[in-house]
1. From 87, 72, grab the single residue that is among the aromatic types (Phe, Trp, Tyr) and either part of a helix (DSSP H, G or I) or under 23 Å from residue 149 (Cα atoms) (or both).
2. Taking interchain pairs and intrachain pairs at least six residues apart, which have beta carbon atoms under 7 angstrom, with the first residue in segment 53-72 and over 16 Å from residue 27 (Cβ atoms) and in contact (Cβ under 8 Å) with a residue 60 or more places away in the chain and the second surrounded by 14 or more Cβ atoms within 10 Å (Cβ to Cβ) and among the aliphatic types (A, V, I, L, M)?
3. Residue check, residue 105 against (1) surrounded by fewer than 12 Cβ atoms within 10 Å (Cβ to Cβ); (2) assigned to a helix (DSSP H, G or I), all met but one. Which one?
4. Do the conditions hold for residue 128, that is, is it touching a Lys or Arg at 6+ places or on another chain (Cβ under 9 Å) and modelled with pLDDT of 90 or more?
5. Exactly one of these conditions fails for residue 1: (1) at pLDDT 95 or above; (2) within 17 Å of residue 133 (Cβ to Cβ); (3) of a type outside the set (Phe, Trp, Tyr). Give me its number.
6. Looking at 9, 66 in this structure, which one is surrounded by 15 or more Cβ atoms within 10 Å (Cβ to Cβ), part of a strand (DSSP E or B) and modelled with pLDDT of 95 or more?
7. Would you mind finding the one in 177, 138 that is farther than 30 Å from residue 122 by Cα and either modelled with pLDDT of 95 or more or among the small types (Gly, Ala, Ser) (or both)?
Amino acid sequence: MMMRSAPELDVSTWLNTNEPMTLASLRGRVVLIEAFQMLCPGCVSHSLPQAKRVRAYFRPSDLVVLGLQTVFEHKDAQGTEAALRAFLHEYRIDFPVGIDRQMGDSRIPSTMSEYQMEGTPTMILIDAEGLIRRQLFGREEDLALGAQISELIAEKDPVNQVTASAPAFSNDCDENGCPVPG
């Protein structure tokens, strides 16, 4: 995927936060956006639990996890703020969740359209500079996602990167192991 600046999220309401979230205000941190629908089996069984695990694992100073409810089907059943509040409570989702703004008669909500999402779940990784670094429709394995997030965090914090000036290891290795040079 070609890197491009992440468009601002067009959200009608934010839940689980006292202030509206903007990508501009989150610059300097990596952002994971998990776009979902409450009646999407892959969202409920995989992507939202994964977002909760990611949020618990990484420091808030390094990574911000956001949910984006982007409803394009069954709007009567899942398109209300009250239904979403109950869902977030029942599934113990406590990270900020925005409700993607509906655009008149269009079936596709605003942010979903702007990001050209193929459906839900969609995972979007934005680097500390505000560039979209990965966008994936469907399922991402935990280890792969963790590695991608770690790489983006390392980019913003070069002190934690392994450099070419790291100490050389011993060439005196044998079947018993490799000793540290003296």
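The values are calculated or read from the model by the stated rules, or taken from the named source; none is laboratory data. What you are looking at is a predicted structure, and each value in this text was computed from that prediction instead of being measured. Virtual Cβ from ideal backbone geometry, glycine too; neighbours counted across all protein chains shown.
1. Numbers: 72 fails: either part of a helix (DSSP H, G or I) or under 23 Å from residue 149 (Cα atoms) (or both).
Exactly one of 87, 72 is among the aromatic types (Phe, Trp, Tyr) and either part of a helix (DSSP H, G or I) or under 23 Å from residue 149 (Cα atoms) (or both), namely 87.
2. 54/32; 54/65; 54/145; 54/149; 58/149
3. Unmet condition: (2).
4. yes
5. (1)
6. Details: 9 fails: part of a strand (DSSP E or B).
Every option except 66 fails the conditions.
7. On the way: 138 fails: farther than 30 Å from residue 122 by Cα.
Just one listed residue meets the conditions, 177.
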